[in-house]
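First up is the structure itself, then whatever we jot down about it.
What follows is calculated from the coordinates using simple rules that are stated; it is not laboratory data. The shown structure was predicted, so the numbers you read here are calculated from the model rather than taken from an experiment. Neighbour counts are summed over all protein chains in view; Cβ atoms, including those assigned to glycine, are modelled from backbone coordinates with ideal geometry.
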Amino acid sequence: VKPDRKKKRGVNAKAPAPVAAPAEQPRLTAEQMAAQQRDISVAEFFTKNRHLLGFDNPSRALLTTVKEAVDNALDACEEAGYLPEVVVGIEQKSETRFVVSVEDNGPGIVHGQIPNIFGKLLYGSKFHRLRQARGQQGIGISAAALYAQLTTGKSIAITSRTARSRPAHHFEIFIDTAKNEPVTTKDEQVRWDHDHGTRVELELEARYVKGEKGVDAYLRQTALANPHVTLRYRPPGVSNGEMVVYERATRQPPPDPKEIKPHPYGVELGMLIKILQGSKARRVKAALQQEFSRVSARIAAEICTKAGIPESADPRRIARQQAEALFAAIQNTKIMAPPADCVVPIGETQLVKALEANVKAEFAAAVTRPPAVYRGNPFVVEAGIAYGIEGYPPEEAADVLRFANRVPLLYQPGACAITKAVVTTDWRNYNLPQTKNAPPTAPMLIMVHIGSVWVPFTSEAKEAVAHYPEIIKEIKLALQECGRRLMTHLNKRAHAEYEAKRRSIFELYIEELSRSLDELTGCGKEKVRAKLRALAAQMTKKGEI
Ligand SMILES: Nc1ncnc2c1ncn2[C@@H]1O[C@H](COP(=O)(O)OP(=O)(O)OP(=O)(O)O)[C@@H](O)[C@H]1O
Ligand SMILES: [Mg+2]
């Protein structure tokens, strides 16, 4: 070590080399620079930044493709009121090439909408509303189509039918990345043995991996969080007859989540101005009532008075300064929290069932919290734990499964609020060992679900939930309650074990005593044993021993 140090010191001691004078750089005019300015199409942007959408390596690309198509299939079925039946197929074409197909029994897609849905990024039905759904951005399936096109040069193929009385349509669509517009290369009527539904097929460069970040894990966990869904899955190299089938555990679909309007506490100033300008109401008071959740006539009047704005003012003409006053008035007015029926949890009973179906555990519990609000958006958190799992090594940290709007999140655990809440919960309070910044060390599975009208994901890939303090707090409260229930169970178990041990000691003495007494007095071993047992039971009951 020493000579090295010396050498380093020697180098550092040298005088710094003289800085060369910068070469004369030709100056550009503002006009020359202006010539370089251009619009950037969103498709071009995501071609360069595909990692933002979850396509940064071949195995993740396969998972993201399946995930986007399955999420859409489930959303469509549930929204239209069909019990979802989804068939997923992965076929290996060559070492690095796969064909993914996803088929649903949903409402189908009307002919005229198909090109934009699959061939245009940022086009969808879910972005502009506040309703709990798996998709929210309008980018998922077209991003998968873009990736497929980029890596194999093949178009996305769609077959869809809206009713038995209507023909099925088959489309092949490319994305014109420079314009972010669909290019339809095939649009024809076909025979299809489904009355309604959609089938999507993409060929892409990918890698099929098993394990906790693969498609198999994603589908297994999807079945876990969606017990009303039947999923059929054909992994690569498997014939139709050997498909993996997750049969639905219940025919009861989850309640339909209600769409809500934005809550005033969650809107920022710019948004407030935009909403007021877009309102059809003629008076600002009516606009507040119509455009926001939980604003009654009385609350709207109170906001106007506090802002010093006449109730009859034209919302579209509210000057910027007035909007600021309105914004401040909103913050100073007591407004009821958003309604709870817009968020739908999986439910405690269902969560416990799901955990028990997945692992063989000594104890399982689940807790659903009452709905809460972050940035004006309602959300609900629930947590489930399974403890004492067969085959889980006790010296390893617990497994954590994360879900958002019933979708398993497999990537970026480190960036997720759920992980943060799990590792910052003090599990030692519940007699579980824990190392710093880790889940408890126990043969245990922890499952956390957040349901919200708008899940704050950290990126467009929708893999990690942002660290909103309100969300972390709710998750921790749910985990703590699970921890308490586990501790009660463990205490009961320890007590029962202690009792059993004590009883076995008594049994030993009773045996010994009845034998000796019989030997001494000849009063009969069986008789004495029975008497002593009765006496011991009586004393135990009274708490004397
Ligand atoms: N299988 C399907 N059946 C019916 N409609 C569908 C189906 N797949 C997609 N859609 C429609 O196409 C739209 C666009 O889908 P896409 O996945 O691109 O965006 P999204 O689901 O709205 O949001 P996200 O980007 O978060 O997934 C959806 O909003 C939905 O209306
Ligand atoms: Mg989607």
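Summary of computed values
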read-out	value
Reachable lysines from Lys531, criterion Cα separation under 28 angstrom, eight or more residues apart if same chain	Lys501, Lys541, Lys542
Projected label distance in nm at Glu324 and Glu311, using a 7 Å step from Cα toward the beta-carbon	2.7 nm
Exposure proxy order (Cβ contacts within 10 Å, fewest to most) of Leu269, Leu520	Leu520, Leu269
Cβ-derived FRET efficiency at R0 35 Å, Glu544 paired with Thr488, nearest 0.05	0.85
Rounded Å value of the spacing that divides the Cα centres of the range 90-150 and the range 32-48	25 Å
Exceeding the 29 Å Cα-Cα cut-off - candidates Lys120/Lys274; Lys67/Lys93; Lys67/Lys353; Lys306/Lys420	Lys306/Lys420
Contour excess over end-to-end distance, with Cα ends at Arg428 and Thr250 and 0.36 nm allotted per residue	60.4 nm
For the range 486-510 versus the range 260-303, the gap between their alpha-carbon centres in whole angstrom	63 Å
Gyration tensor verdict on the range 65-194 (Cα atoms; rounded if a/c is under 1.5, prolate if a/b is larger than b/c, oblate otherwise)	rounded
Whole-number percent relative contact order across the chain, with pairs defined as alpha carbons under 8 Å at least 6 apart	11 percent
C-alpha long axis of helix 58-80 to longest principal axis of the chain, angle in °	90 degrees
Percent antiparallel among DSSP beta bridges (both partners in the range 401-540, rounded to 5)	55 percent
Unit charges on C-beta of K, R, D, E only; dipole of the chain, Debye	1720 debye
Between the range 441-462 and the range 340-411, the alpha-carbon center distance in angstrom	9 Å
At R0 = 45 Å, FRET efficiency that the Cβ-Cβ distance of Glu91 and Leu535 yields, to 0.05	0.05
Nearest-ten-degree value, helix 2-13 long axis tilted from longest Cα axis of the chain	30 degrees
Computed E for Gln37/Arg129 - FRET, C-beta separation, R0 60 angstrom, nearest 0.05	0.95
Farthest toward positive dipole pole in the chain [+1 Lys/Arg, -1 Asp/Glu at C-beta], among Ala397, Ile173, Ala313	Ala313
Global size of the chain as Cα Rg and Dmax, reported in angstrom	31.7, 121
Farthest toward positive dipole pole in the range 442-485 [+1 Lys/Arg, -1 Asp/Glu at C-beta], among Ile471, Cys482, Ser452	Cys482
Cα-projected label distance for Asn437 with Ala178, points at 7 Å along beta-carbon direction, nm	4.8 nm
Label point distance in nm, Glu512-Leu150, each placed 7 Å from Cα along Cα→Cβ	7.8 nm
On Cα atoms only, tilt of 469-521 relative to the major axis of the chain in degrees	10 degrees
Whether the range 327-399 is rounded, prolate or oblate, judged on the alpha carbon gyration tensor where a/c under 1.5 counts as rounded	prolate
Percentage relative contact order, the range 448-532, counting C-alpha pairs under 8 Å, at least six apart	13 percent
Calculated from backbone phi, Karplus (6.51, -1.76, 1.60) coupling profile of the range 236-245 in Hz, x at Gly/Pro	x, x, 10, 7, 4, x, 9, 4, 7, 10
